[in-house]
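Asker: So that we are looking at the same thing, I have put the structure below in structure tokens.
The values are calculated or read from the model by the stated rules, or taken from the named source; none is laboratory data. Since this is a predicted model, take the numbers as computed values, not measurements. Neighbour counts are summed over all protein chains in view; Cβ atoms, including those assigned to glycine, are modelled from backbone coordinates with ideal geometry.
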Amino acid sequence: MKALNQNNDKNWVQRLFENRGAALLLTLLCLTFLSVIAMGLAGMSISQSRISLNHFSGIQAYYVAEAGVNRARAELTRNVKWIPTDDFTGTISIEEGTGTYTLKVTPGSSNNSSTYKIWTVESTGTLGGYKRTITAILESESLSRYVMVIDSNPYLWGKSQTPNKYSGPLHTNGYFRFYGKPEFDSPLTSSNQNDSCYNSSKQQYVQGTTTTDDPSMFYRYIYNYTQDQPVGASGTNNFYFNGGQPTKPFPDSVDEQKNNATQVIEGDAVITMLSSGNMEIICDAGNFVYPCDDTTIFVTGNAEVEGDVKGSATIVSKGSIFITDNIVYADKSTDSLALIAEDYVVLKTDPNDVRDIEIDAAISALNESFYVDKYYSGQARGELKLFGSLMQKKQGSTGIFDFSTGKLVRGYSQNFVLDPKFLARPPRNMPVSGKIRVKSWKDAGAFQ
């Protein structure tokens, strides 16, 4: 019996050592597994740190490349023919160090023959071994981007049975004067030049008993801010008004258009746009026909224009342009016409001819205004529909409204709609502000 117990004790001890060995093996396996997990987590942490560093360095290189694009804009604003040398580099200091950028500027193929110019700018920024490349398309700021841009102080009336309508952004280098609540579907901006109510150094507006730094109140009212204010048209969410904005400089001559002209006509001219895609010109030198194929006609005197437009053309007058009847595109999605006068652009129709008039064109009156001849005579003629854009130094009149009833009694009411084509590509030789804007922007990403 005793021998049996001794054998059991030995077996128990043996099993104990065997179990302790298994536990040790299991412990070693667990420690190995945990070590692998710890090493993996450490690797992931290092990887995440590297990714974060790469991302941060890529962002810094992006800022350097962006500085290169801004350098190109500044240089092209001073000189539209600026082209950097092949080894051109620039530097910019930021908190993380000094970055360098290289620039390549490629001008558009028509830059030498048009006021509207376009450039492709490739800027590569380098910082701390990381590079970032931005490709930007820069363009001259065309004033045909606005349904109406004025260099003076326009008066817009919102109390009318036949209200004037504007579809597209408006800008004045002066200040707006509102009576009632005219409606708009796009932004309105003003620069408030020569506005005695505006303190540009403090960016404040003082009118009556109100002093405000809110740009949406930088306009003149007739009675008060409650009764007289611009408002968004029903169904639109794109409207806002901001005063105190940068000016849109107006050129004061058509000399650049003359330099870029396809043909110069001496003296006065009568021009009829033809549905065949041509224009017929009658002048002192005879009768001529020119195609509407990105053609610019410069008239040294006054010009009369009417007809159906097929193609694209620009008509420029050293004097004034008189529109004698409808000017209509054959295809509003592709056709374009610009009418540019150093003085006036005038709609000249019979004061007693009651019918709507349509003008499809970008109109510019560089030193004067666009107005209706004898707008104060005859009777209410109808609606003046402009599909395009209007640039005028001063606000011209197209009709007269009865102040008490808001009813049109003479001339035309206005229905002006911005031609969306002009946002992508304005008519050839349209006036530009002298500023350079970014049309598009592409980031190639960061790389080492």
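Asker: For the stretch 291-306, which positions are surrounded by fewer than 17 Cβ atoms within 10 Å (Cβ to Cβ) and part of a strand (DSSP E or B)?
Answerer: Of the stretch 291-306, the ones surrounded by fewer than 17 Cβ atoms within 10 Å (Cβ to Cβ) are 291, 293, 301.
Across the stretch 291-306, the qualifying residues are Pro291, Asp293.
Asker: Would you check which residues across the stretch 277-287 are within 21 Å of Val328 (Cα to Cα) and either part of a strand (DSSP E or B) or over 33 Å from the mean Cα position of the chain (by Cα) (or both) and list them?
Answerer: We begin by selecting, within the stretch 277-287, every residue within 21 Å of Val328 (Cα to Cα); these are 277-282.
Correct list: Asn278, Met279, Glu280, Ile281, Ile282.
Asker: Right, another one. Pull up the stretch 254-276, narrow it to residues that are among the polar types (S, T, N, Q) and in a strand (DSSP E or B), then point me to the one that is surrounded by the most Cβ atoms within 10 Å (Cβ to Cβ). Can you show your working first?
Answerer: Let us first name the residues in the stretch 254-276 that are among the polar types (S, T, N, Q), namely 257, 259-260, 262-263, 272, 275-276.
Narrowing further to those that are in a strand (DSSP E or B): 263, 272.
On the way: Gln263: 12, Thr272: 17.
Once the filter is applied, the top-ranked residue is Thr272.
Asker: Kindly indicate whether Ser93 is loosely packed, with under 14 Cβ neighbours inside 10 Å, modelled with pLDDT under 90, outside any helix (DSSP H, G or I) and of a type in the set (S, T, N, Q). So that I can check it myself, show each step before the final result.
Answerer: On the way: loosely packed, with under 14 Cβ neighbours inside 10 Å: yes; modelled with pLDDT under 90: yes; outside any helix (DSSP H, G or I): yes; of a type in the set (S, T, N, Q): yes.
So Ser93 passes the test.
Residues are listed down the side, and each one gets a yes or a no for (1) of a type in the set (A, V, I, L, M, F, W, C); (2) farther than 15 Å from Leu339 by Cα; (3) touching a residue at least 12 places away in the same chain (Cβ under 8 Å):
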residue	(1), (2), (3)
Gly277	no, yes, yes
Gly286	no, yes, no
Ile297	yes, no, yes
Ser312	no, no, yes
Ile315	yes, no, yes
Gly319	no, no, yes
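Asker: With respect to the numbered conditions (1) surrounded by fewer than 20 Cβ atoms within 10 Å (Cβ to Cβ); (2) touching a Ser or Thr at 6+ places or on another chain (Cβ under 6 Å); (3) not in a loop (DSSP other than H, G, I, E, B), which one is the sole condition not fulfilled by Thr314?
Answerer: Answer for Thr314: the failing condition is (1).
Asker: Would you confirm whether or not the stretch 424-447 contains a residue that is touching a helix residue (DSSP H, G or I) at 6+ places or on another chain (Cβ under 7 Å), in a strand (DSSP E or B), of a type in the set (A, V, I, L, M) and crowded, with 21+ Cβ neighbours inside 10 Å?
Answerer: The answer is yes, given that some residue of the stretch 424-447 is touching a helix residue (DSSP H, G or I) at 6+ places or on another chain (Cβ under 7 Å), in a strand (DSSP E or B), of a type in the set (A, V, I, L, M) and crowded, with 21+ Cβ neighbours inside 10 Å.
Asker: Only one residue in Gly399, Gly388, Gly378 is out of contact with any Leu (no Cβ under 8 Å at 6 or more places or on another chain) and small (Gly, Ala, Ser). Which one? Lay out the reasoning, then the answer.
Answerer: Values: Gly399 fails: out of contact with any Leu (no Cβ under 8 Å at 6 or more places or on another chain); Gly388 fails: out of contact with any Leu (no Cβ under 8 Å at 6 or more places or on another chain).
Gly378 is the lone residue from the list that is out of contact with any Leu (no Cβ under 8 Å at 6 or more places or on another chain) and small (Gly, Ala, Ser).
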